[in-house]
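So the structure is just underneath, and the comments pick up after that.
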Amino acid sequence: GTRVLEVRYEALASHPEGMAESLAAFLDAPPAPLCFSLARAHARSVGRWRRDLAPQTLAEVEQEAGELLRSLGYA
(Lines give C-alpha, C1' and ligand atoms only; values in the text may rest on other atoms or scores of the structure.)
Protein backbone atom coordinates (compact mmCIF):
# COMPACT_ATOMS: atom_id res chain seq x y z
CA GLY A 1 0.00 0.00 0.00
CA THR A 2 2.16 3.03 0.08
CA ARG A 3 1.66 5.30 -2.90
CA VAL A 4 4.74 7.00 -4.29
CA LEU A 5 5.19 9.55 -7.03
CA GLU A 6 8.76 10.11 -8.15
CA VAL A 7 9.37 13.72 -9.07
CA ARG A 8 12.68 14.45 -10.74
CA TYR A 9 13.87 18.02 -10.75
CA GLU A 10 14.88 17.76 -14.42
CA ALA A 11 11.30 16.87 -15.39
CA LEU A 12 9.87 19.56 -13.16
CA ALA A 13 12.20 22.23 -14.56
CA SER A 14 11.63 21.17 -18.18
CA HIS A 15 7.86 20.75 -17.97
CA PRO A 16 6.52 22.46 -14.84
CA GLU A 17 2.92 22.55 -16.05
CA GLY A 18 2.87 18.86 -16.92
CA MET A 19 4.51 17.92 -13.64
CA ALA A 20 2.03 20.10 -11.74
CA GLU A 21 -0.84 18.28 -13.43
CA SER A 22 0.66 14.87 -12.59
CA LEU A 23 1.27 15.91 -9.00
CA ALA A 24 -2.24 17.32 -8.67
CA ALA A 25 -3.76 14.11 -10.00
CA PHE A 26 -1.64 12.06 -7.59
CA LEU A 27 -2.71 14.24 -4.65
CA ASP A 28 -6.31 14.55 -5.85
CA ALA A 29 -5.86 18.31 -5.71
CA PRO A 30 -6.71 21.13 -8.10
CA PRO A 31 -3.87 21.69 -10.60
CA ALA A 32 -4.08 25.50 -10.86
CA PRO A 33 -2.33 26.35 -7.56
CA LEU A 34 0.42 23.82 -8.28
CA CYS A 35 0.88 25.18 -11.81
CA PHE A 36 1.21 28.66 -10.36
CA SER A 37 3.69 27.54 -7.71
CA LEU A 38 5.85 25.46 -10.03
CA ALA A 39 5.86 27.94 -12.93
CA ARG A 40 9.07 29.55 -11.68
CA ALA A 41 11.06 26.37 -12.29
CA HIS A 42 13.18 26.58 -15.43
CA ALA A 43 15.47 24.25 -17.32
CA ARG A 44 18.45 26.64 -17.02
CA SER A 45 18.82 25.58 -13.39
CA VAL A 46 19.30 21.90 -14.23
CA GLY A 47 22.93 20.99 -13.60
CA ARG A 48 23.66 24.30 -11.92
CA TRP A 49 25.44 22.41 -9.15
CA ARG A 50 28.27 21.70 -11.58
CA ARG A 51 28.96 25.43 -11.89
CA ASP A 52 28.01 26.73 -8.46
CA LEU A 53 29.16 24.26 -5.83
CA ALA A 54 32.69 24.49 -4.52
CA PRO A 55 34.84 21.35 -4.90
CA GLN A 56 34.73 20.72 -1.14
CA THR A 57 30.92 20.95 -1.15
CA LEU A 58 30.72 18.56 -4.11
CA ALA A 59 32.93 16.11 -2.23
CA GLU A 60 30.63 16.32 0.80
CA VAL A 61 27.54 15.68 -1.35
CA GLU A 62 29.26 12.73 -2.98
CA GLN A 63 30.22 11.30 0.40
CA GLU A 64 26.72 11.70 1.82
CA ALA A 65 24.51 10.87 -1.15
CA GLY A 66 26.74 9.47 -3.88
CA GLU A 67 25.48 5.90 -3.66
CA LEU A 68 21.83 6.98 -3.74
CA LEU A 69 22.43 9.35 -6.64
CA ARG A 70 24.13 6.62 -8.66
CA SER A 71 21.26 4.19 -7.92
CA LEU A 72 18.88 6.82 -9.32
CA GLY A 73 20.90 7.12 -12.51
CA TYR A 74 22.89 10.28 -11.77
CA ALA A 75 26.55 10.27 -12.73
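The values are calculated or read from the model by the stated rules, or taken from the named source; none is laboratory data. The model shown is predicted, which means the values in this text are computed figures rather than measured ones. Note that each Cβ is placed from the backbone with ideal geometry, even for glycine, and that neighbours are counted across all protein chains shown. We work out accessible area using only protein heavy atoms, side chains counted, and drop any ligands, DNA or RNA first. Shrake-Rupley method; radii C 1.70, N 1.55, O 1.52, S 1.80 Å.
Brief remarks follow.
- Among the trypsin sites (Lys or Arg not before Pro) in the chain, those located in a DSSP loop and surrounded by at most 10 other Cβ atoms within 10 Å of their own Cβ are R3, R40.
- Two-site label geometry, Q56 and R70: point separation in nm, points 7 Å out along Cα→Cβ: 2.5 nm
- Most to least accessible of S14, S71, S45 (protein chains only, probe 1.4 Å): S71, S14, S45
- Viscosity 0.890 mPa s, temperature 25 °C, Stokes-Einstein D of segment 27-75 from Kirkwood C-alpha radius, µm²/s: 182 µm²/s
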